[in-house]
Every structure is written in structure tokens, then in C-alpha cells.
Number of protein chains: 2
Amino acid sequence: MHRTYSMRQSRAPTASQIQNPPPPPSSTKTGRFFGKANIGHNFRKSAAGAFGPDLAKKLSQLVKMDKNVMRSMELVARERMEVAQQLSIWGEACDDDVSDVTDKLGVLIYEIGELEDQFVDRYDQYRVTMKSIRNIEASVQPSRDRKQKITDQIAQLKYKEPNSPKIVVLEQELVRAEAESLVAEAQLSNITREKLKSAFTYQFDALREHCEKLAIIAGYGKHLLELVDDTPVTPGETRQAYDGYDASKAIIQDCEDALTNWVEKNAAVSSKLSTRARTLSQRRKARHHSGEGVDLSGQDQPLERESGLWVPASEHRGGEYEEEEDDDEAPSTVNGESRGRDEERAVA
Amino acid sequence: MHRTYSMRQSRAPTASQIQNPPPPPSSTKTGRFFGKANIGHNFRKSAAGAFGPDLAKKLSQLVKMDKNVMRSMELVARERMEVAQQLSIWGEACDDDVSDVTDKLGVLIYEIGELEDQFVDRYDQYRVTMKSIRNIEASVQPSRDRKQKITDQIAQLKYKEPNSPKIVVLEQELVRAEAESLVAEAQLSNITREKLKSAFTYQFDALREHCEKLAIIAGYGKHLLELVDDTPVTPGETRQAYDGYDASKAIIQDCEDALTNWVEKNAAVSSKLSTRARTLSQRRKARHHSGEGVDLSGQDQPLERESGLWVPASEHRGGEYEEEEDDDEAPSTVNGESRGRDEERAVA
């Protein structure tokens, strides 16, 4: 495994860290009465993959861990909206300028919370797509098991009764099992790649949109702060009357327009590849197209497509896991407040 | 209050939503066994501001709610790093291309988790700055109370013993109390504005940097996905050998370079003001500079600065709350694992 870049222990400070040295670690990171993680999260993580086929165990765990991430992101979103409301409530009792600006800051922060909430919905699309890989993994396991079982039976018979007529029957069965297995493995290979790509494309697109929108909000937030008159007054001196109501409202409107009009093709942040990376990626692609490089596609003859064993990827559903998953998602009686949204979803 | 923009109940879809219709709500949003929020978070929120001066109650609650947000963000960061590791573990058993790409995706997602963790530290700076406003609020309360108490005593005496010599003494005391109160209120006014501005400037700068970096990572993640060969194979057919190791490593290096070199002045996302908002903001500023508009600064004569009552904002500490806060932050015996970082922090 090439894990050079995940193993790095200490790193040189980034340019931004040199410009703004990082703050001390947050005080919230130590000392907590109720444990570090939600008890449900720990349970979900450790129970994942305990049942179900071996092949799908690791991915089952990943899917469960993604669910933990989503629940936590949801919590952040909800708590951020609460912070926004409290900020506005606090500001109400202050002077006019502080009151107006904190209220408008509250609007922006509430918007961040709403965007975070929307991002959770989109992250779920990534998760259900990964889940469909887990389902195909789970469905491939039985055909592997069957092939193995027949092979074992033949070996046993050949040792005990080398002339048994059963051996011929079993060998014919093995040929059929191998054919079925070949199809299953091809399905696994195709679906894994297709779904992996679409799952992460979905996640990264959603992440980019989410982040650019938050950065836009941060920029308008800084414009709002300009409206607070922070020239110090001496005791007894009264501040100039605040007349920024129109300006603050215009800033919020500008911000809303910017968010409303954001589309992917206007994305501001670019992730350009260096010449080297681009060349390496393109050389690979070109080689594949010209059929150069190691081409092993001829070493096994493809089975006939008419064999009837082939199920197109689009019609494949898996399904071994659905029940277990439903358990987890059944509305609890304690906190089963429905958000009034439609619960049904097609497994992507 | 101008809350037009926080009251909106339903909104027209944004341009981006029209391009990519939003997904159904996430399945994680309903049905949970262990309640919606961490029990500690609910306790912290409801207990905040229950003690301490009235004036600082609302802001105390805000500070506590911000702590909840931070704890939840921390959880997201930690769980995301776990997801990154699990993704790499799952991919290891897959074919070469899937194995390499999932490992590299894991590196990127782990990086997101690390950035989220750093953002929590920076959010804490915002929080401690807001806390210093709460402290000045708490310290202003006694001087308000004292003024009120003396006023009440005088009124009572004038009713009971109109000729009492005590009245004169009390009236002199009231003049002193009023002077002290004037200073306290000026301090409150100055420090609130100064700290509010710096707290949110800090938060928005941190948010912008965080978001732009995540958007950069998302872009490179999409480049990585290009390396997965998703042309479908027929059963028995073998895929071309994977030769993208150099390309994937180069992409990760490009990404790391982009993150390392990010500085604020290169921020890609801009939050431009419309002409109207700019004019409104600037007119305000110009008016303030020319002294136009309602200027009430002459109606009260400022006290002499030599009165000795004046404490510069920079030397002000508040402090009434420190003990309560420490209670909350005391390492618990259950999960008191120290992250090995320095716990001390100057109240900004």
C-alpha cells in the first residue's frame, strides 16, 4: 500500500499558518462528563458487520461509520441554528447598532446551519450508493461458497471412493458453479467501480457547493461587521445614532442572491493539476485507449451473454442487508419526531 | 427588529437546486435509539446562565451553546477520520485500481477531518472572545445595582423623614455611584463592540479558510476518481493492469501543495457587495466622518479621564465567571483522556 501520505506524523506549517499562527487547542477537547462520543455511535460502529457475509463486513462498517458522521453533522447543524437564534436574542437588548448587526449575523449563521442540514441529505446519497456496493458484495459470497463446497466434496470423494460415479456429477456441477461465479465476480467488479465513482463524485460535488456557499456567507458576514461603530466613547459620551438598517438589509440581500445564483460551473475554487500529474493521468488514459500495456483480456474467453445468468448492473439490488438496516432506521418511540419529510428513498 | 430574513418560511429553489434537484432527506434524520442530542449538550444548554448576574445571562447561554457546537464539530472530525481509515481498509482487499484510489481518497478524507479539527481550535478563539463580553457584562451589573439601591433609599427617606440629614449624605453617594456607573457603561459599550467585531472577524476568517481548503480537496478527489477504470467487463474477462500509482501520488502531492500554499489574499471565493449595498455602507461611513447626522455627543459632558475610574479595555478581565466555567472544563475521570496539548489559553 502506498500510504506515504497518510502516515506523515509531523508536517511543516502551511503558508496560511505562518501568516496566522494557529490558536491553542480548544478547551472543549478535554474534560467531559458524558463521554467523548454519543453512546449510540459507539454501539453502531462496533455492531456493524457482526452479522452478514464476510466479504461485505468491512464495507458494512464503513456504511455504519458514515451514518455516525451524518448524525454528528446533523447535530452541528441544529446546534448552529440555536446559536444563531441566541445571538439575535442577546443582541436585542444591546444598543441599536449591535442589535441590528447581531440579528443579521444570526440570519447568516442560521443559513449556515440550514446549508449544513442540506449537506447531510446529500451525504446520504453518497452513503446509500456505497451501500449498494455492500449489497453486491454480500450477494457474491454465496456463489463463492458454493464453488468452494463442491471442490471440497470432489476432493473428499476422490480420496475415499476414487471410482464413485458421483464424482462425474459433481464435476459437472462445479463447471456450472464456476460459470455462475465468473458472472458474479464480473458483476462485483463492474458495480463496485461504477458505484464507487458515482458515490464519491456525489460527495465531492456536494462538498464543493457547500463549502463555496459557506465561504460566500463568511465574506458577507465580514461586510456586516463594518457597520458596528467601534470608535471608543468616553464615559458620559453618547454614540452617534445608528443608521445602518438599510445597509445591513442590503448586505443580507446580496448574500442571499449570491447563494441563490451559485451554480457548479461558476465554482470559484479550482483544483488544477500540475503538469506532471496531468501528464501521468493522460498517459494512462491514452495507453488504455490504444490497447497498449498489459492486456490480459484474451486469456479467458468470455461466456456467451445468452447464458441467462447475466443480470445487468442496473437491475441488481442485493438486498440481504435491507432488514438489518431497517431495524436501525425504525422510528424510536422516544425521539421519533418525524421531520415531516418523505422517508422513502430508492436505493441508488 | 428587522427579522424579515430569518422569518422566511418557504423559499424559491436556488439556481444550483434547479440544476441538481436536492436529494430526499437523509435516513439518519428519523428514528434514533439514544435521543437526538447528546445528553451533556442538553444539560449544558439549560444550565447556562442559571447563576450569575442577569445582564450576562443571555450571553452566557450563547457561550455554552457555542461549546455544544464545538463538541459536535469535534465529533464529526473524529468520525470522519475513522471513515477515512475504514475506506482504506475496505479498499485494500479489492483490485489494484480500487485499492489504490480508495487509499488515496482515504488520505484526502482524513485531511478533511484534520482540517475540521483545526477549525474547532479556531472557533474556540471566537468563543473565548465572546466570553470576554460576557465578563464585562457581568462586572457592570453591580454598579447598576448600587445606583438603583441608593436611589431607592433616598426615595424612602424623603417619604418617611423628609428632613433627615442622611439624605444629603446619600445624595452625595448617588453622585459618586452615577459617575462610576457612567464609566462602567462606557466600558461595556466600547468592549462589546471591539470584542464582537474581533470575535466574528476571527470566526469568518477561519470559516473562509476552512471552506476553501475543503473545496480544494473535493476538486482533487474528483481527479483521483478518474483513475478508476469503470469500463464494464464481461464474465471471465480480465481488466487491464492498473498503472496509476504515480498519477494518484502526484494528485495527492498537488493537493497538499495547494493546501500548504493557501493564504488569505489568494482566497478564490469573493463576496462582492452590490452597488446599492456599497453605497449605503459608504454613505454611512462618510456621514460619520463628517459629523453629519444626529450627533448627541454634546449632550453629556465627558468626565475627566484623570478620575482614576477608567480602566483601559485591554486591561479589563471580568472574571466573575471563571470558576463556573472551570467546573465544566474539569477533566472527567471517565473520559478524561488528555490530547497531549497545552490546556492554557489567554482570554483573548
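When a/c reaches 1.5 or more, the comparison of a/b and b/c decides; with that in mind, is the stretch A:123-246 rounded, prolate or oblate per its Cα gyration tensor? Write out the running numbers ahead of the final one.
Working: a/c = 9.92, a/b = 5.49, b/c = 1.81.
Prolate.
Residue by residue, what Karplus-based ³J(HN,Hα) values in Hz, rounded to whole numbers, does the stretch A:108-116 have, using 6.51, -1.76 and 1.60 with θ = phi - 60° and x for Gly and Pro?
For the stretch A:108-116, the Karplus curve yields 5, 6, 4, 4, 4, x, 5, 5, 4 Hz.
Tell me which of A:M81, A:N135, A:L105 sits at the most positive position along the dipole axis of the stretch A:77-136, charges placed on C-beta atoms (Lys, Arg +1; Asp, Glu -1).
Final value for the positive-end residue is A:N135.
Anything over 23 Å Cα to Cα? Flag those among A:K213/B:K195; A:K195/A:K272; A:K222/B:K265; B:K57/B:K131; A:K131/B:K213; A:K131/B:K249, in the order listed.
Numbers: A:K213/B:K195 26 Å; A:K195/A:K272 25 Å; A:K222/B:K265 15 Å; B:K57/B:K131 12 Å; A:K131/B:K213 28 Å; A:K131/B:K249 27 Å.
In this structure, A:K213/B:K195; A:K195/A:K272; A:K131/B:K213; A:K131/B:K249 exceed 23 Å between Cα atoms.
Can you give me the distance in nm between label points at A:I167 and A:R283, each placed 7 Å from the Cα along the Cα-to-Cβ direction?
Distance between the two pseudo-spin positions: 5.3 nm.
Could you order the peptides A:132-138, A:112-118 from most to least packed, using the average number of other C-beta atoms within 10 Å per residue?
Working: A:132-138: 24.0, A:112-118: 19.4.
Descending mean neighbour count gives A:132-138, A:112-118.
Which ³J(HN,Hα) values, rounded to whole Hz and listed in residue order, are derived for the stretch A:129-135 from phi using the Karplus coefficients 6.51, -1.76 and 1.60 in 6.51 cos²θ - 1.76 cosθ + 1.60 with θ = phi - 60°, glycine and proline given as x?
Ordered by residue, 3J(HN,Hα) equals 5, 5, 4, 6, 5, 4, 5 Hz.
What does the structure give for A:95-106 when I average, per residue, the other chain Cβ atoms found within 10 Å of the residue Cβ? Don't skip to the answer; put the middle values down first.
On the way: counts 4, 0, 2, 5, 2, 2, 4, 3, 5, 4, 4, 3.
Across the residues of A:95-106, the mean count of other-chain Cβ atoms within 10 Å is 3.
Any idea how far the Cα center of the stretch B:239-263 sits from the one of the stretch A:71-120, in Å?
Each part's Cα centre sits 38 Å from the other's.
On average, how many beta carbons from a partner chain sit within 10 Å of the beta carbon of a residue in A:172-183?
Details: counts 0, 0, 0, 0, 0, 0, 1, 2, 1, 1, 4, 3.
Neighbouring Cβ atoms belonging to other protein chains average 1 per residue here.
Distances in nm, one decimal, shortest first, from B:V168 to the same residue in every other copy, taking the label point 7 angstrom along Cα→Cβ.
For B:V168, the other copies' label points sit at 13.4 nm, shortest first.
Apply the a/c threshold of 1.5 to the C-alpha gyration tensor of the stretch B:211-276 and tell me whether it is rounded, prolate or oblate.
On the way: a/c = 6.46, a/b = 2.33, b/c = 2.78.
Oblate, since a/c reaches 1.5 and b/c is not below a/b.
Would you work out if the stretch A:52-179 is rounded, prolate or oblate? Take a ≥ b ≥ c from the square roots of the eigenvalues of the alpha-carbon gyration tensor; rounded if a/c is under 1.5, else prolate when a/b is larger than b/c, oblate otherwise.
Working: a/c = 12.77, a/b = 6.18, b/c = 2.07.
Taking the square roots of the gyration eigenvalues as a ≥ b ≥ c, the stretch A:52-179 is prolate.
Report, by chain and number, residues whose modeled amide H sits under 5 Å from the one on B:W262, excluding near sequence neighbours (fewer than 5 apart, same chain).
Hits under the 5 Å cutoff: A:A15, A:S16.
For label points placed 7 Å from Cα toward Cβ, what is the shortest-first list of nm distances from B:R278 to its copies?
3.3
The numbers here are math on the coordinates, done by the rules we state, and not lab data. These numbers were taken from a predicted model, which means no experiment stands behind them. In this analysis, Cβ positions are derived from the backbone assuming ideal geometry, glycine residues included, and neighbour counts consider all displayed protein chains.
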